[in-house]
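Worksheet: one structure, shown below.
All of the numbers you see were taken from the coordinates with simple rules; none came from a lab. What you see is a predicted model; the values in this text were computed from it and never measured. Every residue, glycine as well, gets a Cβ built from its backbone with ideal geometry; the counts of neighbours run over all protein chains shown.
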Amino acid sequence: MGDMANNSVSYSGVKNSLKEANHDGDFGITLAELRALMELRSTDALRKIQESYGDVYGICTRLKTSPNEGLSGNPADIERREAVFGKNFIPPKKPKTFLQLVWEALQDVTLIILEIAAIVSLGLSFYQPPEGDNALCGEVSVGEEEGEGETGWIEGAAILLSVVCVVLVTAFNDWSKEKQFRGLQSRIEQEQKFTVIRGGQVIQIPVADITVGDIAQVKYGDLLPADGILIQGNDLKIDESSLTGESDHVKKSLDKDPLLLSGTHVMEGSGRMVVTAVGINSQTGIIFTLLGAGGEEEEKKDEKKKEKKNKKQDGAIENRNKAKAQDGAAMEMQPLKSEEGGDGDEKDKKKANLPKKEKSVLQGKLTKLAVQIGKAGLLMSAITVIILVLYFVIDTFWVQKRPWLAECTPIYIQYFVKFFIIGVTVLVVAVPEGLPLAVTISLAYSVKVSRNG
């Protein structure tokens, strides 16, 4: 009898007859309509609810849920709701592969300089000048010792080997840290539970199991896991600074501002709400999606939207848009839905402008200190190279009065490369790259200890 009553009320509006023809599944409201509703604020949201649904109980009727007893808890019903409205899960970004981390480590400017110097040194070490040219080129103060020419390749090979070791260690540390953090985050998410009403009973379920239509009880100290509309509240005040940046607590009530948003904190009071958006369709999920999370889910949506584009050319979707265009809801959802190519391009630009790595405050300060010390090291290494080059030139061409011969050019270049490598060595020693690395290792170790504890 209850289902029949719900169905009779759901389809009993002349104004909404066009909308109901497009409703997802057997529900009296679509996912797009719920997303558009949760985009509104305070009086605009209240006006939209009153004009389109009557009140929050009308929304409960369309979602086929009871404000007092909640969902029945039937697994088939829960599965159907998750298929229509999505799951309360925001897919994280794909972890970077080990090869990607190796490539990122190779982008370090110091390592690039060392690689170039090592390759040049390795190539010149195999050059053997014609007999007699050594006497013409003269004896320089940094001349090769006996047998050094035969083993000159070792220097370049050693530099390349050092670069490989540094890159592998850095990439492995980043990969290990990422793996430990993801494991810890997954463990925390599995342990999080929230209070809902199902089958007339107050129970606690994992946050990931919350679905649209659930009646959730909120109280002081809760972090809201999904978007919802207030059914009953007692002096409820919410901290929405995580979404809006506004530090003042927002008072929620049925007659002023009934919308509750995921990711916000309950600072005072208690109440009940009907869940209207979960996962990537919630306000927190939308923000994470724009920041690059939930990429896999968006790719699946993009495939479906490409099919819609083809239909759009035939004008088949224009009538549906007219039915959904009340109060500008369709216009507001365009940037989020990215049905137009321009919006997708803007999203790609935003993703491209995002920082590749997020650093803690301590890591940022240590990196800044390392950069400052590195600048001083760069100055000293430049002075060292200049002094060595001037000493070589003055001693060879001024003191010994040797002419610059074409056949001696490779030998002179070899000396200049050695001077350059000495300067790079001074720079590498001066840059305290171990400071950020020490923080990374300590952080990864602390996470491992915390998990085991």
Based on the Cβ-Cβ distance of E79 and Y57, what FRET efficiency does E = 1/(1 + (r/R0)^6) give at R0 = 25 Å, to the nearest 0.05?
0.45
On a 31 Å Cα-Cα criterion, which of the cross-link pairs K179/K365; K94/K237; K94/K251; K87/K256; K87/K179 come out too long?
K94/K237; K94/K251
Residue order, fewest to most beta carbons within 10 Å, for D77, D227, D257
D77, D257, D227
Least to most buried among C408, C60, by other C-beta atoms within 10 Å and fewest first, runs C408, C60
Please compute the modelled spin-label separation between F397 and L161, points set 7 Å along Cα→Cβ, answer in nm with one decimal.
3.7
Nonlocal amide H pairs with I231, under 5 Å, H built at 1.01 Å:
R272, M273, V274
Quick note on T284, T425, ordering by fewest other C-beta atoms within 10 Å, gives T425, T284
Counting Lys and Arg as +1 and Asp and Glu as -1 over every other residue whose Cβ sits under 13 Å from the Cβ of I159, the net charge comes to -1
